[in-house]
Amino acid sequence: MVGLHLLAIAATTAAVLLGLWQYGVWHSAREEKANVLAHAAPVPLSTLMTADSPFPGGAVGRPVELTGTWLPQESLFVRGRMLHGQRGYWAVTPVSVCRATCTTNDPAMLVVRGWTASPDQAPAAPSGRVQVTGWLQPAEGGGVPDQDPRDRVLPQMEVVDAIPHVRQDLYSGYVIAQGTPGGALLPVTPASLPQPSGLTSLRNLAYAFQWWIFGGFAVFLWWRFCADEVNRVTEAEEAEAAEAEEEPTGAQQAREHGVPSKS
């Protein structure tokens, strides 16, 4: 039994450690993909999506470039944004995307210019022509209602909430600008971007669960073998006890019927 216990401990420990190793590989692969994508060379926004196309799922966090004109009168703020452990606001200004002179028929992209502690402390939104480089992100969909649609503060980066404040058609996403264009704001870094999909390097995650299942199976076999051994010993002891109880009873019955005892 000592050998069985040692074998069960060794098998379970090995399965747990191998599972943790595969889990670490999966986690590292996700971080590596996010890091590589966030630091990739920027590509023109038009190569990934248009104003009428859905958001490209594989382009989350991809650096993009767009050229257009700031729409300062339609600037917004998004509350509840954390930076360095402090809660504040994102300063967002739409950019009318166009190659030359923009019109109201051109679509607009919501651009996060930076972070501020409060809207009152934010610098004035920039105006004029601009070339923005930043990280492309899908619109948030947390389902948080906008309690006051008349103000210019949004509860989340949701395109639907921004539509009443912007006259032009909006892209189904937004861009977090690199740096702080148009004012003394704190930059929003790639660390503030959403985590990459859990499907990244999914095979390693599956291997991790597989090793943990093997470990659980080893524990089950150990428990079942020990339980069977305990039951076998218990049944043998109960049988011996039953035989010991039957012997004096048989001698007493023999005396009652006048049968001499063998002793």
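The values are calculated or read from the model by the stated rules, or taken from the named source; none is laboratory data. What you are looking at is a predicted structure, and each value in this text was computed from that prediction instead of being measured. Using ideal geometry, Cβ is built from the backbone for each residue, glycine included, and neighbour counts are taken over all protein chains shown.
Pick from GLY57, GLY3, GLY19, GLY24: which is at pLDDT below 80, over 28 Å from LEU186 (Cβ atoms) and buried (at least 16 other Cβ atoms within 10 Å of the Cβ)?
The unique qualifying residue is GLY19.
Which one of these does GLU247 not meet: (1) modelled with pLDDT under 80; (2) crowded, with 16+ Cβ neighbours inside 10 Å?
(2)
When segment 149-168 is examined, which residues are found to be outside any loop (DSSP other than H, G, I, E, B) and farther than 12 Å from PHE77 by Cβ?
VAL159, VAL160, ILE163, PRO164 - these are the residues of segment 149-168 that are outside any loop (DSSP other than H, G, I, E, B) and farther than 12 Å from PHE77 by Cβ.
Of the conditions (1) over 27 Å from the mean Cα position of the chain (by Cα); (2) exposed (fewer than 13 other Cβ atoms within 10 Å of the Cβ), VAL166 clears all except one; give me its number.
VAL166 satisfies every listed condition except (2).
Please work out which one of (1) farther than 25 Å from VAL60 by Cβ; (2) among the charged types (D, E, K, R); (3) surrounded by 13 or more Cβ atoms within 10 Å (Cβ to Cβ) is the condition ARG99 fails and give its number.
Among (1) farther than 25 Å from VAL60 by Cβ; (2) among the charged types (D, E, K, R); (3) surrounded by 13 or more Cβ atoms within 10 Å (Cβ to Cβ), the lone unmet condition for ARG99 is (3).
Tell me which residues, restricted to segment 127-150, are closer than 22 Å to ARG167 by Cα, surrounded by fewer than 16 Cβ atoms within 10 Å (Cβ to Cβ) and at pLDDT 90 or above.
Passing the criteria: SER127, GLY128, ARG129, GLN131.
Among the candidates ALA117, ALA100, ALA108, single out the residue that is in contact with a Pro (Cβ under 9 Å, 6 or more places away or on another chain) and of a type in the set (A, V, I, L, M).
Exactly one residue qualifies, and that residue is ALA108.
If a residue counts only when it is β-branched (Val, Ile, Thr) and touching a residue at least 40 places away in the same chain (Cβ under 8 Å), which strands (runs of 3 or more DSSP E) contained entirely in segment 54-125 have at least 3 such residues?
The qualifying strands (runs of 3 or more DSSP E) are 63-70, 86-97, 108-116.
Tell me the residue from THR104, THR180 that is exposed (fewer than 15 other Cβ atoms within 10 Å of the Cβ) and in the same structural domain as GLN73 (by TED's automatic domain parsing), please.
THR104
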